[in-house]
Structure formats: structure tokens, C-alpha cells
1. Peptides 33-41, 8-16: what's the order by average Cβ count within 10 Å, highest mean first?
2. Starting at the first residue of the range 39-45, write each ³J(HN,Hα) from the Karplus equation 6.51 cos²θ - 1.76 cosθ + 1.60 with θ = phi - 60°, in whole Hz, x for Gly and Pro.
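What follows is calculated from the coordinates using simple rules that are stated; it is not laboratory data. Bear in mind that the values here come from a model prediction, so they are computed numbers and not experimental data. Neighbour counts run over all protein chains shown; Cβ positions are idealised from the backbone, glycine included.
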Amino acid sequence: MMLPTRYCTGCGTQQLFEQFHAEPGSCPDAPDGDCPEWGCTACGDALITGLGEPVCGSADITSRAALSDRTGSSRVLD
């Protein structure tokens, strides 16, 4: 099996990654498919694949940021 190269946050460079459970059916998270867990061969940092698209909140629930101005009081930005 050829090992893929991905950016590793632990190393800060491109590194080879290998599956933690490379044998078919040996992954407890995906017994019928490929294991989503990969590890950097240099430092061991984990990479999880196949999590789907990130979900973003709507503008209605976005929090308001309070910033201090030079006088030390707070003002709210919309």
C-alpha cells in the first residue's frame, strides 16, 4: 500500500501518513470500510478523514464582539 503525503500540524511540513487500522475489518470505528484514522509516520499526530462538511452557524446566532477604546470603556460592534 502506498502511503499518502499530507500536511502535519505537529511537524509543520508535508509528511507520510499511515492508517492506524490498516487491515480490512480491524477498525472499531468502521468495521465494514476503511479506517478514518491516520497517523504521521514522523511524529504520530493523528489525522481523521471522512468527517463530512463543516456546519456553519447562521448570522442570527453570531455573538457580538465588545472592544475597548482608548478611554477604557466598551463599545459593541454589530
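1. 33-41, 8-16
2. x, 5, 6, 8, 10, x, 4
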